[in-house]
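A quick write-up on the structure given underneath.
The values are calculated or read from the model by the stated rules, or taken from the named source; none is laboratory data. Fair warning: this is a prediction, and the values are worked out from it, not measured in the lab. Cβ: placed from backbone, ideal geometry, glycine included. Neighbour counts: every protein chain shown. Just the protein is used for accessible areas: all its heavy atoms, side chains included, with ligands, DNA and RNA removed. Shrake-Rupley method; radii C 1.70, N 1.55, O 1.52, S 1.80 Å.
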Amino acid sequence: MTESFLGDLRAKLEQFCTALTNPDRRVRQRALQGLLELCQSDEVNPENATDVFDYIYLHILKCYSDKYESCRTVAVSVVSEMLQKLPENEFYLSYVIPTIARRIGQKELVEESEELRLQLLEQTTGIVGKYSMRNPAFAGKDPLLKAYNEIVDILLKTLTDSYPSILRQSCVLIGELSVATQSFHYRAEVLTNPLLALLKHRHSPIRTAAVETLGIVALHITTNTDCIVKIIVELSRFLMDDSPNVRRECGRVGCRMLLDLRDRYGLFDRILPLVFGGLSDESPEVALEIAELWEKCGQKFYAENEKELMRIALVDSAGENYPEEWRRPTLGCRAIAQRGFKMINIILHEMEEWKEEVRLHATLLLTQTVLHAEKAILPHLSDIYPVLAKTCMDENRWVASEAVRVAKLMGSLVDYSDWSSRAMECLEKWPNLGYLKCFIAMFVGSGPEKWQDTAKIAQLLISLAMNLDYNFQNHLLMITEILVREYQVRGQEQAEIERSLYRTLVTILALSEEEAIQEKIEDALEALAQPSQGNVNVLHVKHLESVVSSIEDLDSTNSERAEPILCLYGLLAHCGFHIPAFSALQEAVETVMTLGSPEAKVKILCGVSTAMLKWRETIVTSLEGRVALLRGFLDTNIVPGLVWKAGFSAESIRAMCVTVVAAAARGADEECFVIIPEIADHLIALLDDNLVVIRKYALAALMASGPLPYEPLRLMAFGFLARFDDPSAEIRCAAAAALTTLKLKAGLEIGQADAWRKVVKEIFAKILIHLDDPDERLKAELLETAKSLGRDHLAEFHEVFGGIPESCAHANEVNDLRAAIEKLSLEKCA
């Protein structure tokens with residue numbers, strides 16, 4: 001010791017050391033506090049620090065186990081201050097590190113204070129940093145070698161601590177130790193399990209530190225590849241962590257492994273999911289950072305395999321069809337990915353997991369795999385396609401959307417000729433929404449060579465159209481519209497393609513119940529008709545018969561929701577009757593009316609009634625021809641249903657049959673003028689039916705009739721009069737109006753004409769009686785009917801209404817009516 005040290009400083013130190021042996025805590029604490037202040041002062045400097053520490057270290061280190069926490073805390077601070085001023089001499093490590101290990105490195109908990117355990121761990125971190133082999137003072141030596149086992153023991157204990165700050169500091173210490181000693185790999189493996197346990201910690205900063213530290217440990221494991229794989233597998237699960245920092249660190253670890261791991265070439269398939277997970281992260285900052293690191297990995301791989309990759313680089317090009325929204329990876333990155341195709345099986349397995357987040361993550365990984373593999377993905381297409389198709393119809397819309405995105409990318413990167421046949425075969429064999437969405441996405445992504453298969457695809461779509469699912473219909477319409485637009489752009493009429501596209505569109509139209517889809521189909525049909533310079537009706541005339549003829553199983557006992565019934569109904573309702581398809585439609589309706597269930601018959605008759613309303617627009621021929629067609633259809637399919645039969649089903653069918661006749665009376669009035677008289681006896685009988693709707697439409701149909709012979713006309717008149725007492729006010733008014741349509745057929749015997757005038761007289765009498773009805777609407781209708789009949793039968797009118805006294809309640813209305821009829825008669829004579 002120097003003479004200066006033997007002076008006042010030694011006396012102070014002796015005083016402090018003596019006080020440290022005092023049993024009184026306050027004395028020891030004051031001595032430690034004074035010693036701390038002395039060490040922090042300039043009296044202790046690097047020149048005399050060694051002498052000071054030699055003098056006090058036994059007393060200070062003994063205080064590490066002092067009974068009182070306050071004394072232990074100050075003692076640790078004193079040693080920390082001294083370590084900062086001591087020269088780089090590993091001699092002191094053999095005293096300090098074992099002392100720390102006895103406090104925080106034992107299997108049982110010795111140091112109970114969390115803050116003090118943290119302080120000791122920070123002190124250990126400082127020692128490791130000071131005595132690192134990177135320090136020039138040690139020039140190739142490993143000063144931490146002797147203390148290495150004790151430091152690892154400390155870490156094994158602190159990594160299981162319950163205090164988050166200690167866990168975080170333990171990870172920092174591992175990072176420092178890995179670069180401070182070349183001996184770190186000796187026991188790096190034993191740190192794996194405690195670190196893996198930290199991945200489940202509820203605090204995201206702890207998980208982030210654990211991920212980073214596991215990456216460091218993995219780089220130093222030299223003899224156990226299985227342990228490295230275990231680390232990678234566990235880290236892969238945290239690519240879906242809620243914290244972006246955890247996900248970012250997983251990507252960083254993956255890139256560090258690709259750069260520095262010794263056995264990285266054999267573990268590409270395990271490491272790549274870590275990187276690809278970062279590349280597809282939802283956070284742009286994370287994805288951008290991992291992309292930069294990934295490019296460095298590619299550069300290193302290219303440099304290591306330059307001879308092989310240089311030849312590929314000479315002919316490597318993106319191709320004209322490369323999607324603009326994607327940035328093409330470098331050749332080195334793609335080369336790494338193409339050596340890790342074993343991971344595809346793992347990805348496909350996870351795409352079918354029950355957890356939504358796992359399925360989404362796996363689909364994102366597949367996106368990156370396809371992006372980097374490009375055409376090299378082709379050998380795995382048979383494995384990928386079924387799983388991808390299933391994922392395209394995932395119940396989670398984000399998963400399904402990403403799957404469609406993958407399919408579109410794959411269609412862009414793989415030649416159309418290499419995947420089209422396989423995809424169409426799968427779609428034909430398993431016609432579900434997933435395969436359809438996958439095919440559409442790949443078709444949209446592929447290049448112009450796809451149009452050579454337009455006819456083939458259009459023919460395939462026909463077999464898919466008979467589907468009631470809304471989503472399926474919507475996507476089928478999507479691909480059909482794509483083909484229609486291409487057909488429209490070509491501007492050349494091609495009968496086969498036009499017929500196939502028409503059949504698909506019309507079948508979807510027939511089965512769809514959504515107005516939005518129906519509007520789109522109508523627009524698509526108009527576009528389809530443009531190359532042939534026609535309109536939609538022209539398409540119906542040309543191709544509707546083929547659609548009707550293709551409907552199968554109409555001869556089965558189908559319910560109203562069966563696909564054949566819905567299809568026939570839709571064709572009738574949306575397309576109507578057309579002459580080329582009339583026979584096929586009539587035969588189809590006859591089959592259902594003969595063999596179908598009552599519900600199916602009602603459904604088809606509903607479609608027929610809608611078609612009848614458009615008869616004038618769709619049936620273009622002479623009046624005689626239209627009459628013959630309508631007469632044949634009604635006689636075959638409708639008139640038998642007008643005959644009364646017992647039962648609710650028969651009543652429903654009868655109601656729909658009379659509805660069809662009423663619809664024909666509106667849509668084909670000229671034809672019905674001729675045809676209604678032929679079936680008037682059936683309709684007259686229905687005026688007394690129990691069902692209101694039957695009576696209503698029977699009246700409507702009879703009003704369209706032409707002139708009748710006396711007897712049926714008489715029956716019709718009395719049938720109308722009987723309806724004046726109908727419970728339905730609407731039918732009472734309609735019956736009054738119907739009387740004005742009664743016309744006696746010309747050329748009959750004089751006696752029948754006289755008999756008809758007597759019937760008219762009875763009609764006037766009935767009108768007069770019902771003028772007392774409280775319903776003002778009926779009264780107005782009766783007066784209008786009397787005026788109309790009185791113009792042609794003036795004598796009968798005066799005979800009934802002429803003798804009404806002025807005191808009658810209806811005298812004023814009758815007088816006004818008489819005046820109006822006389823005026824009309826004068827105008828008629830003039």
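Give the residues of region 326-357 whose amide nitrogen is closer than 11 Å to a point set 7 Å from the Cα of Trp398 in the direction of its Cβ.
356-357
Return the distance in nm (one decimal) between the two label points of a simple spin-label model at Ala820 and Leu381, each offset 7 Å from Cα along Cα→Cβ.
8.0 nm
From the gyration tensor of the Cα coordinates in region 15-162, what semi-axes in whole Å does the equivalent ellipsoid have, largest first, with each one equal to sqrt(5λ)? Intermediate values should be presented prior to the final figure.
Numbers: eigenvalues 116, 93, 24 Å².
The three semi-axes for region 15-162 are 24, 22, 11 Å.
Between Thr557 and Asn193, what is the label-point separation in nm under the 7 Å Cα-to-beta-carbon projection?
The modelled label-to-label distance comes out at 7.0 nm.
Just to verify a number: what accessible area does Cys63 come out at with the full protein assembly present, 1.4 Å probe, Å² rounded to tens?
10 Å²
How much length is gained if the chain between Lys12 and Lys645 is pulled fully straight, taking 0.36 nm per residue apart and subtracting their Cα-Cα distance, in nm to one decimal?
Full extension from Lys12 to Lys645 adds 215.3 nm.
Which loop trypsin sites (Lys or Arg not before Pro) in region 104-187, with loop taken from DSSP, have no more than 15 other Cβ atoms within 10 angstrom of their Cβ?
Answer by residue number: Lys107, Arg134, Lys141, Lys146.
Between rounded, prolate and oblate, where does region 75-114 land on the alpha carbon gyration tensor, with a ≥ b ≥ c its root eigenvalues, rounded for a/c under 1.5, else prolate if a/b exceeds b/c? Kindly include the intermediate steps, with their values, before the conclusion.
Numbers: a/c = 4.43, a/b = 1.76, b/c = 2.52.
Oblate, because a/c is 1.5 or more while a/b does not exceed b/c.
Apply the Debye scattering formula to region 74-151, with a single equal point scatterer on each alpha-carbon and no solvent, then give log10 I(q)/I(0) at q = 0.12, 0.13, 0.16 Å⁻¹.
-0.33, -0.39, -0.58
Taking Cα atoms, how many degrees apart are the long axis of helix 114-130 and the longest axis of the chain, rounded to 10 and kept between 0 and 90?
70 degrees
How many percent of the alpha carbon pairs in region 469-572 exceed a separation of 18 Å?
47 percent
Using only alpha carbons, build the gyration tensor for the chain and give me the equivalent ellipsoid semi-axes, biggest first, whole Å.
Taking √(5λ) for each eigenvalue gives 100, 35, 19 Å, largest first.
At a 1.4 Å probe, what is the % contribution of carbon and sulfur to the accessible area of the chain?
Carbon plus sulfur share of accessible area: 50 percent.
Scan region 527-603 for trypsin sites (Lys or Arg not before Pro) in coil per DSSP, keeping those whose Cβ has at most 15 other Cβ atoms within 10 Å, and list them by number.
On the way: sites: Lys542, Arg561, Lys601, Lys603; in loops: Arg561.
Those that pass, being in a loop and sparsely packed, are Arg561.
Averaging over every viewing direction, what projected area does the convex hull of the Cα atoms of region 636-756 cover, in nm²?
In nm², the orientation-averaged hull projection of region 636-756 is 7.6.
Quick check on packing: order 753-761, 473-481 by the mean number of other C-beta atoms within 10 Å, highest mean leading.
With the highest mean Cβ count within 10 Å placed first, the list reads 473-481, 753-761.
Give or take rounding to whole Å, what are the principal axis extents of the alpha carbon atoms in region 410-517, in descending order?
Projected onto its principal axes, the Cα set of region 410-517 covers 38, 33, 22 Å.
Order the peptides 461-468, 262-269 from the highest to the lowest mean number of other Cβ atoms within 10 Å of their residues. Walk me through the numbers on the way to the answer.
On the way: 461-468: 18.6, 262-269: 16.1.
Highest mean packing first, the order is 461-468, 262-269.
Report Phe797's accessible area, 1.4 Å probe, all protein chains in place, as a number in Å² to the nearest 10.
The accessible area comes out at roughly 0 Å².
For region 123-252, take the alpha-carbon Rg, divide it by the Kirkwood Rh, and send me Rg/Rh.
My calculation puts Rg/Rh at 0.97.
Kirkwood-based Rg over Rh for region 209-342 (C-alpha set), two decimals?
0.99
Which of Lys601/Lys743; Lys342/Lys456; Lys601/Lys758; Lys146/Lys296; Lys696/Lys743; Lys601/Lys766 have a Cα-Cα distance over 32 Å? Working shown, then result.
Numbers: Lys601/Lys743 34 Å; Lys342/Lys456 35 Å; Lys601/Lys758 43 Å; Lys146/Lys296 37 Å; Lys696/Lys743 20 Å; Lys601/Lys766 40 Å.
In this structure, Lys601/Lys743; Lys342/Lys456; Lys601/Lys758; Lys146/Lys296; Lys601/Lys766 exceed 32 Å between Cα atoms.
Please give me, ordered by residue number, the GluC sites (Glu not before Pro) of region 278-310 that lie in loop per DSSP and have at most 16 other Cβ atoms within 10 Å.
Qualifying residues, ordered by number: Glu282.
What are the ³J(HN,Hα) couplings of region 51-57, residue after residue, when phi is run through the Karplus curve with 6.51, -1.76, 1.60 and θ = phi - 60°? Round to Hz, x for glycine and proline.
After applying 6.51 cos²θ - 1.76 cosθ + 1.60, I find 5, 4, 5, 4, 6, 10, 5 Hz.
Subtracting the Cα-Cα distance from 0.36 nm times the residue separation, let me have the gained length for Leu58 to Asn345 in nm, one decimal.
Taking Leu58 through Asn345 to full extension adds about 97.1 nm, to one decimal.
What Kirkwood hydrodynamic radius do you get for region 1-85 when you take the inverse of the mean 1/r over all pairs of distinct Cα atoms, in Å?
12.7 Å
With everything on Cα atoms, drop me the angle between helix 356-373 and the longest principal axis of the chain, reported from 0 to 90° to the nearest 10.
Helix 356-373 and the main axis of the chain meet at about 80 degrees.
Against the longest alpha carbon principal axis of the chain, how many degrees, from 0 to 90 and to the nearest 10, is the axis of helix 710-722 turned?
Its long axis makes an angle of about 50 degrees.
Show Lys342, Lys766 ordered by accessible area, largest first, where the area counts protein heavy atoms only and the probe is 1.4 Å.
Order by accessible area, largest first: Lys342, Lys766.
Mind checking the full-extension length gain between Ser788 and Arg422? Use 0.36 nm per residue of separation minus the Cα-Cα distance, one decimal, nm.
124.3 nm
Over 14 Å, how big is the tail of the calculated P(r) for region 269-328, in percent of all Cα pairs?
Details: 1215 of 1770 pairs.
Above the 14 Å cut-off, region 269-328 has 69 percent of its Cα pairs.
Applying the Karplus parametrisation 6.51 cos²θ - 1.76 cosθ + 1.60 with θ = phi - 60° to the phi angles of region 155-162, what ³J(HN,Hα) value in whole Hz is obtained for each residue in order, glycine and proline being reported as x?
For region 155-162, the Karplus-derived couplings read 5, 4, 7, 5, 5, 9, 5, 8 Hz, x marking Gly and Pro.
Could you name the lysines whose alpha carbon sits less than 19 Å from that of Lys450, not counting residues in the same chain fewer than 8 places away?
Lys375, Lys408, Lys437
When you have a sec, figure out the Kirkwood radius of region 40-122 from all distinct Cα pair distances and drop it here in Å to one decimal? Spell out each step's value before the answer.
Numbers: mean 1/r = 0.0751 Å⁻¹.
Radius from the Kirkwood sum: 13.3 Å.
How much area per residue is accessible in the chain when the probe is 1.4 Å and only protein heavy atoms are counted (Å²)?
Accessible area per residue, the chain: 45 Å².
Return the inverse of the average 1/r over all pairs of distinct C-alpha atoms in region 288-403, which is the Kirkwood hydrodynamic radius, in Å to one decimal.
Values: mean 1/r = 0.0647 Å⁻¹.
Kirkwood radius, region 288-403: 15.4 Å.
Take Ala527 and Asn474, extend 7 Å from each Cα along the Cα→Cβ direction, and tell me the distance between the two endpoints in nm.
Roughly 1.8 nm, to one decimal.
Given a Förster radius of 22 Å and the C-beta distance between Ile769 and Ala685 as r, what FRET efficiency does 1/(1 + (r/R0)^6) yield to the nearest 0.05?
Efficiency for this residue pair is about 0.30.
Tell me, what ³J(HN,Hα) does each residue in region 133-150 have, in order and in whole Hz, if you take phi through Karplus 6.51 cos²θ - 1.76 cosθ + 1.60 with θ = phi - 60° and put x for Gly and Pro?
Coupling constants for region 133-150: 5, 6, 5, x, 5, 9, 5, x, 7, 10, x, 8, 4, 5, 8, 4, 4, 5 Hz.
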